[in-house]
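Please read the structure below before turning to the comments.
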Amino acid sequence: MLILIAEDDELILHTIEHKLVKEGHEVILSRNGKEAIEKIKSLDIDLIITDIMMPFASGTEILSTIQTLGKNIPVIVLSSMGQEEVVIEAFDMGASDFMIKPFSPNELLLRIKKLANKQA
């Protein structure tokens, strides 16, 4: 499974990357939303994990791009903002799941497996 991680916090980015690579996934990293959008347009990505607040383009802009391109890619949105309106907006824009930081990497893996089983 090819997974794009879009996260501007280096510690979180590399923690997720390490966990996913250890589980046998191929991982692509983006440190800002603009870079993530470019990768979504050019690569065949199976799943996206994105922070909601990032430089140059937000997680909601990433969700909007996926809709505009007509791609059916599951997206797990991460946010330190657990505000109800942020969660609702993410789901309204097509997010498959939402996790509030800090989160358990093991829980993230379980959610990825659940989404992968739905896609199969």
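Ligands, DNA and RNA are left out, and with a 1.4 angstrom probe the accessible area of segment 67-120 is 60 Å² per residue.
Quick check: convex hull of the Cα atoms in the chain, volume per residue, rounded to a whole Å³? Don't jump to the answer; show the numbers that get you there.
Numbers: hull volume 11.1 nm³, N = 120.
Expressed per residue, the convex hull around the Cα atoms of the chain is 93 Å³.
For LYS34, the shell of other residues with beta-carbons less than 14 Å away shows a net charge of -3, using +1 for Lys and Arg and -1 for Asp and Glu.
Highest-first packing order for the peptide set 59-71, 28-40 is 28-40, 59-71, based on the mean count of other beta carbon atoms within 10 Å.
Over the residues of the chain, the helix contribution to mean residue ellipticity at 222 nm works out to -15000 deg cm²/dmol, using -39500 (n - 2.57) for each DSSP H run of at least 4. On the beta carbon distance between VAL21 and SER42, with R0 = 30 Å, the FRET formula returns roughly 0.90. Net charge around LYS118, counting only other residues with Cβ within less than 13 Å of its Cβ (Lys, Arg = +1; Asp, Glu = -1)? With Lys, Arg at +1 and Asp, Glu at -1, the neighbours total +1. Could you look at the chain and say what percent of its accessible area is carbon and sulfur, using a 1.4 Å probe and all protein chains? Carbon plus sulfur share of accessible area: 52 percent. Between ASP8 and GLU85, the modelled label-to-label distance comes to 2.0 nm, taking each label 7 Å out from Cα in the direction of the beta carbon.
The values are calculated or read from the model by the stated rules, or taken from the named source; none is laboratory data. Just so you know, these numbers come straight off a predicted model, no measurement behind them. Neighbour counts run over all protein chains shown; Cβ positions are idealised from the backbone, glycine included. Side chains included, ligands, DNA and RNA excluded: accessible areas come from the protein's heavy atoms. Shrake-Rupley method; radii C 1.70, N 1.55, O 1.52, S 1.80 Å.
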